[in-house]
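The block underneath contains the structure these notes are about, expressed in structure tokens.
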Amino acid sequence: LTVAGQRVVVEIPAQGEGTVGLIVADPCISADNYCIYQNPYNMKGTLQSVINSLSKHRLDYWMNIGDLFYDLDGSRTNDFFSGLSLTAMSKVHGVTLGNHDYWIGGSPGAKMSADSFGTGHMQWYAQDTMASKDNPAQPFDFSVSAESQEICAVSNSFWYNAIGNVGFIGFSNAYEWWQLEGYFQEACAWAQETQPQVVVLLGHWDAANLGCAAGEDTPDVFRKVQSIPACSALGDTLKYMVGHNHCNEIMQADTGFMLGAFGMSGCGQFGLPVLDTRNNRAKLYYFKMGTGGRREGQFQTVLDCLEASGFDGCLQYAETWMDVALAPAPA
């Protein structure tokens, strides 16, 4: 591609090829009374460095599972992306919407006229959503205006695709099941047909609060999805990842993971979750960078290693949170 006279190379892994991807949620990059771990971990600079370093060696995508920099007017988002290299910005980037992406105050009860209600975010990140599938000539559904102070149409928040051998289904928990069920049926039918070796649900909320529709937190949605015939056929290949609660932990062995500790108040953790699906295995590595608001002893060592050697050269510093065999990719 040529953008503003600059040649940009976008590399997309071939279907069925193993991939390496970074997973982020709830990144908080501007120090205030809530973003209390930005300064101890230099969250903005550290994340920029990590994405740039991984991209220089091997990074196929990075995902942000909601609360996208806690940004009301676009300034924090622009500030963050301005620190990424051209190589990093050419990597596939996927997002889901979280509560602070609809209401900067974090819930419907705190809404104000200046809020995005998801409308600004859906345009900045421009995911290949159901809205764009419904009308390729118009990638966004503006049937619900932000001026109404209602959240954007559900079709702007649901998407599915494959990156190499990984299928992703991104959705927002702010909508009722009757609005989502048909989309999940379609996404799972697609997964059955294309046969990615692993399928990951990406939803922001881990619990039904702060704008999450009743019974629609990600663990509950995961269970509902498993009851859909096309989805149940996916079996153990189906996984889920969440943010919202600002902790990093294994929620369900080899299946569900909370990855929301990136600067916001809460557990005070910080780490780098990297999903590696090469060699017919799905491995989730976790580079532990901080605990209780304090940097781990390996903090700078990991950053230096990633810059010099990339992901593959630094696995000695990572914990293994998941390691499961994958059925061979279809010929």
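Could you list, in sequence order, the residues of segment 134-181 that are under 15 Å from G120 (Cβ atoms) and hydrophobic (A, V, I, L, M, F, W, C)?
The answer is F140, F142, V144, A146, I151, C152, A153.
Considering every residue within segment 96-111, establish whether at least one is exposed (fewer than 15 other Cβ atoms within 10 Å of the Cβ) and in contact (Cβ under 8 Å) with a residue 60 or more places away in the chain.
Looking through segment 96-111, at least one residue is exposed (fewer than 15 other Cβ atoms within 10 Å of the Cβ) and in contact (Cβ under 8 Å) with a residue 60 or more places away in the chain.
Hey, could you check segment 288-309 for residues that are without any contact (Cβ under 8 Å) to a residue 12 or more places away in the chain and in a loop (DSSP other than H, G, I, E, B) and say which is surrounded by the fewest Cβ atoms within 10 Å (Cβ to Cβ)?
The selected residue is G297.
For segment 34-101, which helices (runs of 4 or more DSSP H) that fit wholly inside it have 3 or more residues that are over 17 Å from the mean Cα position of the chain (by Cα)?
Counting at least 3 such residues, we get 38-41, 43-57, 75-81.
Looking for something free of Cβ contacts under 8 Å to residues at least 12 places away in the same chain and under 22 Å from D60 (Cα atoms) - is there at least one such residue anywhere in segment 310-327?
For segment 310-327, residues free of Cβ contacts under 8 Å to residues at least 12 places away in the same chain and under 22 Å from D60 (Cα atoms): present.
If I go through segment 167-179 residue by residue, how many of them are of a type outside the set (F, W, Y), open to solvent by 10 Å² or more (accessible area, probe 1.4 Å) and either touching a residue at least 40 places away in the same chain (Cβ under 8 Å) or part of a loop (DSSP other than H, G, I, E, B) (or both)?
Residues flagged as of a type outside the set (F, W, Y), open to solvent by 10 Å² or more (accessible area, probe 1.4 Å) and either touching a residue at least 40 places away in the same chain (Cβ under 8 Å) or part of a loop (DSSP other than H, G, I, E, B) (or both) within segment 167-179 amount to 2.
Give the residue, chosen from G164, G182, that is surrounded by fewer than 17 Cβ atoms within 10 Å (Cβ to Cβ) and at pLDDT 95 or above.
When all the criteria are applied, what remains is G182.
Restricting the search to segment 320-331, which residues are surrounded by 12 or more Cβ atoms within 10 Å (Cβ to Cβ) and touching a strand residue (DSSP E or B) at 6+ places or on another chain (Cβ under 9 Å)?
Scanning segment 320-331 gives W321, M322, D323, V324, L326.
Filter segment 247-287 down to residues that are farther than 28 Å from G297 by Cβ and assigned to a loop (DSSP other than H, G, I, E, B) and give me whichever is least open to solvent (accessible area, probe 1.4 Å).
The residue in question is T277.
If a residue has to be over 20 Å from F168 (Cβ atoms) and modelled with pLDDT of 95 or more to count, how many in segment 1-34 make the cut?
2
Just to be sure before I move on: is D276 closer than 22 Å to Q15 by Cα and at pLDDT 95 or above in the structure I sent?
Considered against the rule, which asks whether it is closer than 22 Å to Q15 by Cα and at pLDDT 95 or above, D276 comes out as yes.
Which residues, counting only those in segment 210-242, are farther than 27 Å from Q15 by Cβ and either in contact with a Leu (Cβ under 6 Å, 6 or more places away or on another chain) or without any contact (Cβ under 8 Å) to a residue 60 or more places away in the chain (or both)?
Within segment 210-242, A213, A214, G215, E216, D217, P219, D220, R223, K224, S227 meet the criteria.
Restricting attention to segment 104-152, and to residues there that are charged (D, E, K, R) and in a helix (DSSP H, G or I), which single residue is farthest from S30 (Cα to Cα)?
Across segment 104-152, the extreme among qualifying residues is D134.
The values are calculated or read from the model by the stated rules, or taken from the named source; none is laboratory data. Quantities reported herein were computed from a predicted structural model and do not represent experimental measurements. Neighbour counts run over all protein chains shown; Cβ positions are idealised from the backbone, glycine included. For accessibility, only protein heavy atoms count, side chains too; no ligands or nucleic acids. Shrake-Rupley method; radii C 1.70, N 1.55, O 1.52, S 1.80 Å.
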